[in-house]
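Before any comments, here is the structure.
The values are calculated or read from the model by the stated rules, or taken from the named source; none is laboratory data. Note that this is a predicted model, so its numbers are computed, not measured. Cβ placement follows ideal geometry from the backbone for every residue including glycine, while neighbour counts extend to all protein chains displayed.
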Amino acid sequence: MKILVVGGGGREHAIAWRLSEDSERHELFCAPGNAGTAAVASNVPVGAEDVDGIVKWVRENSPDLVVVGPEAPLVKGLADAVTSIGVPVFGPVAAGARLEGSKRFAKEVMEAAGVPTAKALAFTDAAAAKAALGSFSLPVVVKADGLAAGKGVVVAETREEAERAIDDMLVNGRFGAAGAEVLLEEFLDGEECSILAMTDGRTAVLLPPSQDHKRIFDGDKGPNTGGMGAYAPAPVVEGGMLAEIKKRIIMPVVNEMSRRGVTYRGILYAGLMVTPEGGRIALSGSRVNVVEFNARFGDPETEAVLPLVGGDFAKALLHAATGRLAEGDVSVRDGASATVIIASGGYPGSYEKGKEITGLAEAAASGAVVFHCGTKEDGGRVVTSGGRVLSVTGVGATLREAVDKSYSAAAKIGFDGMYMRHDIAHRAFDRE
Ligand code: AMP
Ligand code: GLY
């Protein structure tokens, strides 16, 4: 198959890499890609958010399938535009991507579908929002409605902190239009996990559950990041829980979207909070609640999950994109997988770019897969070009083996100021 992957981060490298592992040989393109995708695909010099540019490339090159990585082009209607010229797209139309683009809309869909989630109220007026704080217990969560690059969420321990967050978003316009509406949300107690459900708008296949590590420092301390590592399968999703999640969360949302006239095709990513036995149960009465939906593969979850996905990946994506997805399209491999993000010093604050990266070949030779997140080629050298630079994935028979493989490969890599967490999968190990 001839396939275009849209995006240029670790997630897109993992998608392109997994496609390159299919038994059929594909002709792969990545727009814009990075120094890592160049090893498995041809990079196309068009930005992921340049909808017109991508459509033009698709018209001229007639791929069999377009796979969209990031949310921004989906929210901007890339899938609509590509579908309208008759090319199958893995990734929802804009009306579907709204599940990620508007937290208020996602709440509305969940309410209509009877999906358990934190109780929430939406406001555009700061005084009204502050007055409503009294009906929430502390901590309370204040969220910008729109896309705010993962920074639009404040878990406020005190009423004053919540009021400041409300003013920041509604009065000071901290997130611009994305923060012109805020949600006050019940705080959910527990452990998070990420569910990537592949869907064709009719049925869904859930990939192995994973867990992200959002904070910058070990022990889940410090500010939020895009994600510092992930592993799969995450044991917080016990026994029959995955089937329950499909029945009570994924399918009701897919069906509710369909009832609204939206055939949702692509990944429906559910960020869930699982409350432990004895923890504070949410007002929904359920131990498993939705924190958020994303309209795409997670990053770095994808770098951990896709190495565990067997079968013909291109066929599964194409079937989802064309309404023919079947349970048998995806098989899950035994074993476990872990990925650690290597970041630029200073991230998620300011950091320098252009640092030469060494040890990439040695890391790959040690049996791990090194996905590039923020790199570029510079006169034969590979240099850093982002906050999250590499995602180093190990796969093993056990989670311990996977984590060890990932860290021993990461230890071979070097660049000025590099930083990583050293406790990926700690929650899984704490359970043992
Ligand atoms: P979101 O952008 O909605 O995924 O929120 C970012 C992060 O904030 C989540 O991954 C959680 O760690 C935290 N968070 C968001 N909403 C809640 C909630 N209702 N209760 C507890 N933590 C939350
Ligand atoms: N790793 C979190 C996300 O992709 O949104």
Original post:
In region 298-338, what residues are of a type in the set (A, V, I, L, M) and part of a helix (DSSP H, G or I)?
Top reply: Ala304, Val305, Leu306, Leu308, Ala314, Ala316, Leu317, Leu318, Ala320, Ala321
**OP:** Assess whether Val155 counts as being under 22 Å from Lys107 (Cβ atoms), modelled with pLDDT under 95 and touching a Pro at 6+ places or on another chain (Cβ under 6 Å).
**Re:** yes
Subject >> Filter result for the condition that a residue is assigned to a loop (DSSP other than H, G, I, E, B) and either closer than 30 Å to Asp378 by Cβ or hydroxyl-bearing (Ser, Thr, Tyr) (or both), over Val58, Val115, Val46 >> reply: Val46
Original post:
When you look at Thr225, is it among the β-branched types (Val, Ile, Thr) and surrounded by fewer than 19 Cβ atoms within 10 Å (Cβ to Cβ), yes or no?
Top reply: no
Original post:
Which residues, counting only those in region 361-372, are surrounded by fewer than 21 Cβ atoms within 10 Å (Cβ to Cβ) and either assigned to a helix (DSSP H, G or I) or in contact (Cβ under 8 Å) with a residue 60 or more places away in the chain (or both)?
Top reply: Ala361, Glu362, Ala364, Ala365
**OP:** Report the residue count in region 169-204 for those that are at pLDDT 95 or above and among the aromatic types (Phe, Trp, Tyr).
**Re:** 1
Subject >> Single residue of region 137-152 satisfying the filter (within 16 Å of ligand 2 (Cβ to nearest atom) and part of a strand (DSSP E or B)) that is nearest to Ala97 (Cα to Cα) >> reply: Ala144
Original post:
Counting residues that are of a type in the set (A, V, I, L, M, F, W, C), away from ligand 2 (no atom under 16 Å from the Cβ) and within 23 Å of Leu268 (Cα to Cα), which strands (runs of 3 or more DSSP E) fully inside region 153-217 reach at least 3?
Top reply: 204-206
**OP:** Test Gly201 against the criterion of being within 16 Å of ligand 1 (Cβ to nearest atom), over 22 Å from Leu308 (Cα atoms) and out of contact with any strand residue (DSSP E or B) (no Cβ under 8 Å at 6 or more places or on another chain), and give yes or no.
**Re:** no
Subject >> Filtered residues of region 136-155 (kept if more than 7 Å from ligand 1 (Cβ to nearest atom) and among the β-branched types (Val, Ile, Thr)) >> reply: Val140, Val142, Val154
Original post:
Within region 275-297, how many residues turn out to be away from ligand 1 (no atom under 12 Å from the Cβ) and either at positive phi or outside any loop (DSSP other than H, G, I, E, B) (or both)?
Top reply: 3
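Return a yes/no flag: does region 280-288 have any residue that is away from ligand 2 (no atom under 16 Å from the Cβ), closer than 30 Å to Leu65 by Cα and surrounded by fewer than 24 Cβ atoms within 10 Å (Cβ to Cβ).
No, the conditions are met nowhere in region 280-288.
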Original post:
Since Gly150 meets every condition but one in (1) modelled with pLDDT of 95 or more; (2) at positive phi; (3) in contact with a Gly (Cβ under 8 Å, 6 or more places away or on another chain), which condition does it not meet?
Top reply: (1)
Subject >> Count of residues meeting criterion [modelled with pLDDT of 95 or more and outside any helix (DSSP H, G or I)] in region 234-274 >> reply: 19
**OP:** Confirm whether Arg164 is more than 19 Å from the chain's Cα centre (by Cα) and either modelled with pLDDT of 95 or more or farther than 22 Å from Thr117 by Cβ (or both).
**Re:** yes
**OP:** Output the residues belonging to region 313-344 that are surrounded by 19 or more Cβ atoms within 10 Å (Cβ to Cβ) and of a type in the set (Val, Ile, Thr).
**Re:** Val330, Thr339, Val340, Ile341, Ile342
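For residues that are near ligand 1 (Cβ under 7 Å from one of its atoms) and of a type in the set (Asp, Glu), scanning just region 181-198, find the one that is nearest to Leu306 (Cα to Cα).
By that ranking, first place goes to Glu192.
Here are some residues: Ala35, Ala97. Which one is within 16 Å of ligand 2 (Cβ to nearest atom) and over 18 Å from Lys2 (Cβ atoms)?
Ala97
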